[in-house]
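Before any comments, here is the structure.
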């Protein structure tokens, strides 16, 4: 988890969220904040930067305060370098911090050597949580710039010498190749987008490609399956759908012991902003 001095959700409403990361206060779009009103109107007056546009697509930042030169956030053993990108992302998804804690507990429970595959691995929060706990990790993301960012995060987290393989590849293509090579993993972590492209123009659509990917992951973990983590932020994939797709894709049947719950961010006064769904096994 992030300590309050590292990250805090200050308020949300009217389709936006107000976050403090270090000392910088950001105002960004949040579709899950539609239909509710902000609670603390005065806090929005202290915004350092506001993003106008669609998160994950394109837009621009308007800064009313100086942009931080060196900007990081730390949760446990994971330190992430932050940047306000043209897509509205900042290099971390703070709702994932609870999953980093869970991953670390699983690795510590099972003990090394443990081989973990992290797909759609972004800037490496889950990769670094697993590596810091003692796992060997294969980190796969389709964007070369994002993998480079994750490697910088490894250095910031003092994990540059950890056993991490950094792979720029389409996740489904990589997994199919690993199956053909008869490689095996103890655990798989997935955080798939709704839509995307691989480095060679491969098209990813979660509605079409998630089940085939999970079926391949089942083959990769068949001999020594230890834990699985799937997070989802896509319309139409609620808790029931995410539980079903993970259970059917990996185990071939329902009632496989998958635990599903909400991913959310919580304000200091206990209000929750939905941020997706998480499925864990066991």
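Quick notes on this one:
- Taken over the stretch 260-276, residues that are surrounded by 12 or more Cβ atoms within 10 Å (Cβ to Cβ) and more than 16 Å from residue 33 (Cα to Cα) amount to 2.
- Verdict on residue 57 being over 30 Å from residue 130 (Cα atoms), outside the structural domain of residue 126 (by TED's automatic domain parsing) and at pLDDT below 95: no
One line per residue, one yes/no per condition, for (1) surrounded by fewer than 15 Cβ atoms within 10 Å (Cβ to Cβ); (2) within 29 Å of residue 79 (Cβ to Cβ); (3) modelled with pLDDT of 95 or more; (4) in contact with a helix residue (DSSP H, G or I) (Cβ under 6 Å, 6 or more places away or on another chain):
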{"residue": "160", "(1), (2), (3), (4)": "yes, yes, yes, yes"}
{"residue": "177", "(1), (2), (3), (4)": "yes, no, yes, no"}
{"residue": "203", "(1), (2), (3), (4)": "yes, no, no, no"}
{"residue": "223", "(1), (2), (3), (4)": "yes, no, no, no"}
{"residue": "231", "(1), (2), (3), (4)": "no, yes, yes, no"}
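- Which listed residue, of 199, 193, is within 15 Å of the chain's Cα centre (by Cα), surrounded by fewer than 18 Cβ atoms within 10 Å (Cβ to Cβ), on the phi < 0 side of the Ramachandran plot and modelled with pLDDT under 95: 193
- The stretch 65-84: number of residues that are under 20 Å from residue 51 (Cβ atoms) and either surrounded by fewer than 18 Cβ atoms within 10 Å (Cβ to Cβ) or touching a helix residue (DSSP H, G or I) at 6+ places or on another chain (Cβ under 6 Å) (or both): 10
The values are calculated or read from the model by the stated rules, or taken from the named source; none is laboratory data. As the structure is a prediction and not an experimental result, all values here were calculated from the model. No Cβ is skipped: glycine too gets one built from the backbone with ideal geometry, and neighbour counts run over all protein chains shown.
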